[in-house]
Every structure is written in C-alpha cells, then in structure tokens.
Amino acid sequence: MDYESVGPAALSRCLVVYPWTQRYFGNFGNLYNAAAIMGNPMVAKHGTTIIQGLERGVKNMDDIKETYAELSVLHSEKLRVDPDNFKLISDCLTIVVASQMGKAFTGEVQAALQKFLALVVFSLGRQYH
C-alpha cells in the first residue's frame with residue numbers, strides 16, 4: 001500500500017463527497033471542484049499529516065486517548081471542527097485503503113482498521129464531551 005497517497009486521497013475524497021467539510025479549509029485556496037481539490041498541494045500535505053497522526057496512534061496503542069488529547073483540544077477549541085467530521089474522514093480512509101489493497105482487504109482487515117479508526121475518532125472527540 002502506498003501510504004504517501006492514502007492520506008491525500010482520503011482527504012480529497014472527504015472534501016468532494018462531503019463538501020460542507022471544505023469550510024474548515026478556507027485558506028487552502030481553490031476547492032471549487034473535484035479536480036481542483038485533488039490537485040491542491042495543501043490538501044495533499046494535510047492528508048499526509050493525517051496519516052502521520054494515525055501512525056502516532058499505531059505506535060502508542062496502549063495510550064491512544066492521551067496520544068490524541070492535544071489534537072482534540074486543538075480541533076475543538078481553536079479550529080472548532082464538528083466532531084462528526086472525524087467519522088467522515090475515517091470512512092474515506094477505509095474506502096481508500098480498501099481500493100489500494102484490493103483482495104487483501106479482507107473482512108478481518110476491515111474490522112481491525114475500523115476498530116482502530118473508531119478509537120481515534122472517539123479520542124479526537126473527547127474534548128467535546
């Protein structure tokens with residue numbers, strides 16, 4: 001799997017499929033259509049940042065909630081991101097990973113990925129409660 005392309009592809013998909021999520025990326029420039037979003041270097045860079053953040057979670061599975069505590073505060077208090085958007089990006093990540101893995105994306109792989117992403121979504125949303 002090409003990890004460098006997963007994040008940008010997932011974020012691009014999220015911004016296209018759920019256009020209301022674009023409001024959080026107003027400083028990213030042209031997000032007027034799918035081609036502009038997919039070719040936007042700032043979208044690609046932030047998509048890579050998302051994957052790097054997930055990698056931190058994988059490396060800190062024993063304390064994943066604490067791993068994302070600071071990001072939870074940032075997204076809730078400074079950026080004011082609707083926490084439902086974390087689920088949307090996780091769904092897009094699942095789709096992109098499935099498309100890249102093909103037949104290797106078994107039910108077991110999907111279950112493990114979605115369980116991990118659900119924990120990340122919960123951890124990022126903790127500050128909102």
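Could you please let me know if K45 is surrounded by 12 or more Cβ atoms within 10 Å (Cβ to Cβ), charged (D, E, K, R) and more than 20 Å from V6 (Cβ to Cβ)? Considered against the rule, which asks whether it is surrounded by 12 or more Cβ atoms within 10 Å (Cβ to Cβ), charged (D, E, K, R) and more than 20 Å from V6 (Cβ to Cβ), K45 comes out as no.
Any chance segment 27-35 includes a residue that's in a helix (DSSP H, G or I), of a type outside the set (S, T, Y) and within 16 Å of the chain's Cα centre (by Cα)? Let's see the steps before the verdict.
First, pick out the residues of segment 27-35 that are in a helix (DSSP H, G or I): 27-28, 34-35.
Right, trim to of a type outside the set (S, T, Y) and you get 27-28, 34-35.
Cutting the leftovers down to within 16 Å of the chain's Cα centre (by Cα) gives us none.
No, the conditions are met nowhere in segment 27-35.
Looking at segment 69-77, can you tell me whether even one residue there is surrounded by fewer than 17 Cβ atoms within 10 Å (Cβ to Cβ), touching a helix residue (DSSP H, G or I) at 6+ places or on another chain (Cβ under 8 Å) and more than 11 Å from Q127 (Cβ to Cβ)? No: segment 69-77 contains no residue that is surrounded by fewer than 17 Cβ atoms within 10 Å (Cβ to Cβ), touching a helix residue (DSSP H, G or I) at 6+ places or on another chain (Cβ under 8 Å) and more than 11 Å from Q127 (Cβ to Cβ). Taking the conditions exactly as written (within 15 Å of F86 (Cβ to Cβ) and surrounded by 15 or more Cβ atoms within 10 Å (Cβ to Cβ)), does L54 satisfy them or not? So L54 passes the test. Checking each residue in segment 1-51 for being under 18 Å from A98 (Cβ atoms) and of a type in the set (S, T, N, Q) picks out S5, S12. Checked against (1) more than 27 Å from R126 (Cβ to Cβ); (2) buried (at least 17 other Cβ atoms within 10 Å of the Cβ); (3) among the hydrophobic types (A, V, I, L, M, F, W, C), A36 meets all criteria but (2).
Yes or no, residue by residue, for (1) modelled with pLDDT of 95 or more; (2) among the β-branched types (V, I, T); (3) surrounded by fewer than 16 Cβ atoms within 10 Å (Cβ to Cβ); (4) touching a Pro at 6+ places or on another chain (Cβ under 9 Å):
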site	(1), (2), (3), (4)
R80	no, no, yes, no
P83	no, no, no, no
I89	yes, yes, no, no
L93	yes, no, no, no
A98	yes, no, yes, no
G102	yes, no, yes, no
E108	yes, no, yes, no
L124	no, no, no, yes
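Of all residues in segment 6-26, those satisfying the criterion of being surrounded by 16 or more Cβ atoms within 10 Å (Cβ to Cβ) and either part of a loop (DSSP other than H, G, I, E, B) or among the polar types (S, T, N, Q) (or both) are S12, T21, Q22.
The values are calculated or read from the model by the stated rules, or taken from the named source; none is laboratory data. All of these numbers come straight from a predicted model, not from anything done at the bench. Reconstructed Cβ throughout: ideal geometry from the backbone, glycine too, with neighbour counts over all protein chains shown.
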